[in-house]
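As structure tokens, the structure follows; a few thoughts come after it.
Please treat every number below as a calculation from the coordinates, not as lab data. Here the structure is a predicted model, which means the values were calculated and not measured. With ideal geometry, Cβ positions are generated from the backbone for all residues, glycine too; neighbour counts draw on all protein chains shown.
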Amino acid sequence: MVNKDQVAGVAKQVKGSVKQAAGKATGDRKTEAEGAADKIAGKVQKTYGDVKDKVKKAL
């Protein structure tokens, strides 16, 4: 079962990857850094969703 945090986390990771690639392609270090930050934030949010799901299943 997938929850909102997992979906939002994956979406943020994808957005971050695209933004990071665009920054690399254009040489814009700020955009590249923002993309990397978005990827990390997405990974954290997805992990939170995974843990929430596991706790729910354990109960």
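How many residues are touching a Gly at 6+ places or on another chain (Cβ under 6 Å), acidic (Asp, Glu) and over 23 Å from residue 6 (Cα atoms) if we restrict to the stretch 18-51?
Here the count works out to 1.
Among the residues of the stretch 1-13, write down those that are loosely packed, with under 13 Cβ neighbours inside 10 Å and either hydroxyl-bearing (Ser, Thr, Tyr) or in a helix (DSSP H, G or I) (or both).
4
Out of all the residues in the stretch 42-59, which are assigned to a helix (DSSP H, G or I) and either more than 12 Å from the chain's Cα centre (by Cα) or among the β-branched types (Val, Ile, Thr) (or both)?
Selection gives 44, 47, 50, 51, 52, 53, 54, 55, 56, 57, 58.
Tell me, please, whether a residue that is free of Cβ contacts under 8 Å to residues at least 24 places away in the same chain, of a type in the set (A, V, I, L, M) and out of contact with any strand residue (DSSP E or B) (no Cβ under 7 Å at 6 or more places or on another chain) can be found in the stretch 29-36.
The answer is yes; a qualifying residue exists.
Run residue 39 past the list (1) free of Cβ contacts under 8 Å to residues at least 40 places away in the same chain; (2) surrounded by fewer than 18 Cβ atoms within 10 Å (Cβ to Cβ); (3) within 16 Å of the chain's Cα centre (by Cα) and report the number of the one that doesn't hold.
(2)
For the stretch 1-47, give me the residue count where each residue is of a type in the set (Lys, Arg) and closer than 25 Å to residue 57 by Cβ.
The number of residues fulfilling the criteria is 4.
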